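What follows is a single structure, written as structure tokens, with notes after it.
The values are calculated or read from the model by the stated rules, or taken from the named source; none is laboratory data. As the structure is a computational prediction, the values presented were derived from the model and not from experiment. Backbone-built Cβ (ideal geometry, glycine too); neighbour counts: all protein chains shown. Surface areas here come from the heavy atoms of the whole protein model, side chains and all, with no ligands, DNA or RNA. Shrake-Rupley method; radii C 1.70, N 1.55, O 1.52, S 1.80 Å.
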Amino acid sequence: MGKKSSYVVTKNLNQASLWRNTKPLLGRLDIELTERCNNNCIHCCINLAEHDKTARDKELSTKELKNILVEAADLGCMMVRFTGGEPLLRDDFEELYIFTRKLGMKVILFTNGRLITLRLVELFAKMPPGEKIEITVYGMTKGSYDSAVRRQGAYEEAWQGINLLLANNIPFVVKGALLPSNKTELKEFEDFASTVTWMDRGPSYSMFFDLRGRRDSEKRNAQIKALRLSPEEGLSILTRDKKEYMKDKKQFCAKFTRPAGNNLFSCGAGKGSACVDAYGKLQLCMGLRHPDTVFDLRKQSIKTIMTERFADIRKMQAKNPRYMERCAKCFLKGLCEQCPGKSWTEHGTLDTPVQYFCDITHAQAEYLGLLGKGEKAWTVENWQERIRKFVEEV
């Protein structure tokens, strides 16, 4: 007999669905509970209005989400990430959270913190998520925060949520988005982040913002582009701690930098992980919403889609001549954010090079000494020797 409480049942491992497969088909599942958000951030690639009835009516029901979670657990899934939009807008969030934890899966929660209440904090204390909550902070002052999210009163609500987590010792980390309204507060934000017990390194930042994944507004995409840091500005942020930056990049380049060839998918998207959007479509990753790459969970199972449809997609090869001349031959492919998802959001295709990400990558490579000034990575033939020297140099 397992030990019981109001939230937890302890079972023999041999009886748990997580352990039926020695090699789980699905290790992690990302679920967008909603695209709606109580913020209206100008840089956001997904958000819809908080009270968008059309979007709300199309969202997966509680029952549908529970069925998806059960299937995920049966496929060996050990971690679920709840994101959005703002996932805490869902009236059934607590129910879904408890249900997920009772299935034995850890929960990662992405939130802006505005809807964190004492009731939620007490739930997290009684039934810990298993992973740190992740909160994006948009400003250290009321003016900068409310300007970034374009909602009056958001600053007070967000910091109330953060302080509730702190007061009740609930593990969380903070992230930032570099925007015109908060750029001058970088040091103040990092000083605060250093006081958060569970931060084992400095906060990460969004600054090379993704465009709208549903390609639903050229106007909003133009606004997002205007907010992106230049490659030079981004590099100055990334390299503020030069020693740590160089250490990370040496480890990364040793493992991941090499030409990908004509295969479009050189990443791990759809291999052991998958994403469910707010309306029940299964995707390889959240950014890739091309209609040929998303599948309806109301019609097919996760297992069928991952073993049959995803496998075929991952075999896709580039056909765009510019991609084959550049990206396919570029040894910086692992360092670059170019991927089918980025190509889709920027161009509406799967294999069109995105110049912005190319420029960012080349700026980093010049800084690292992997490229000479103005040199193009796809023209380099002795790339293996360059990587070796970079990794081994003291």
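Note on the stretch 45-72: residues that are under 17 Å from Ile302 (Cα atoms) and in contact with a helix residue (DSSP H, G or I) (Cβ under 8 Å, 6 or more places away or on another chain) total 7. The selection criterion, being aromatic (Phe, Trp, Tyr) and farther than 22 Å from Tyr245 by Cβ, does not hold for Tyr356. Scanning the stretch 309-328 for residues that are outside any helix (DSSP H, G or I), under 25 Å from the mean Cα position of the chain (by Cα) and surrounded by 12 or more Cβ atoms within 10 Å (Cβ to Cβ) yields a total of 4.
For the stretch 161-241, which fully contained helices (runs of 4 or more DSSP H) count at least 3 residues that are buried (at least 19 other Cβ atoms within 10 Å of the Cβ), of a type in the set (Asp, Glu) and touching a residue at least 40 places away in the same chain (Cβ under 8 Å)? Show your work before the answer.
Details: elements: 186-193, 218-227, 231-238.
In the stretch 161-241, there are no helices (runs of 4 or more DSSP H) which contain 3 or more residues that are buried (at least 19 other Cβ atoms within 10 Å of the Cβ), of a type in the set (Asp, Glu) and touching a residue at least 40 places away in the same chain (Cβ under 8 Å).
Which one is most open to solvent (accessible area, probe 1.4 Å) among residues in the stretch 73-117 that are acidic (Asp, Glu) and touching a helix residue (DSSP H, G or I) at 6+ places or on another chain (Cβ under 7 Å)? Across the stretch 73-117, the extreme among qualifying residues is Glu95. Against the criterion of being free of Cβ contacts under 8 Å to residues at least 40 places away in the same chain and charged (D, E, K, R), Lys271 does not qualify. Find the residue count for the stretch 33-72, including only residues that are open to solvent by 20 Å² or more (accessible area, probe 1.4 Å) and more than 30 Å from Tyr155 (Cβ to Cβ). Number of matching residues: 10. Restricted to the stretch 349-368, and to residues that are in contact with a Lys or Arg (Cβ under 8 Å, 6 or more places away or on another chain) and open to solvent by 30 Å² or more (accessible area, probe 1.4 Å), which residue is nearest to Cys253 (Cα to Cα)? For the stretch 349-368, the residue satisfying everything is Glu366.
Of all residues in the stretch 30-72, those that are of a type in the set (Lys, Arg) and closer than 20 Å to Thr345 by Cα total 1. Could you please let me know if Met316 is touching a Leu at 6+ places or on another chain (Cβ under 6 Å) and more than 22 Å from Glu59 (Cβ to Cβ)? Spelling it out, Met316 is indeed touching a Leu at 6+ places or on another chain (Cβ under 6 Å) and more than 22 Å from Glu59 (Cβ to Cβ). Does any residue of the stretch 250-269 turn out to be of a type in the set (Lys, Arg), over 30 Å from Gly84 (Cα atoms) and at pLDDT 95 or above? The answer is yes, given that some residue of the stretch 250-269 is of a type in the set (Lys, Arg), over 30 Å from Gly84 (Cα atoms) and at pLDDT 95 or above. Among the conditions (1) among the basic types (Lys, Arg); (2) under 22 Å from Asn39 (Cα atoms); (3) at pLDDT 95 or above, Lys183 misses just one, which is (3). Candidates are the residues of the stretch 280-308 that are open to solvent by 50 Å² or more (accessible area, probe 1.4 Å) and among the charged types (D, E, K, R); the one that is nearest to Lys342 (Cα to Cα) is Asp292.
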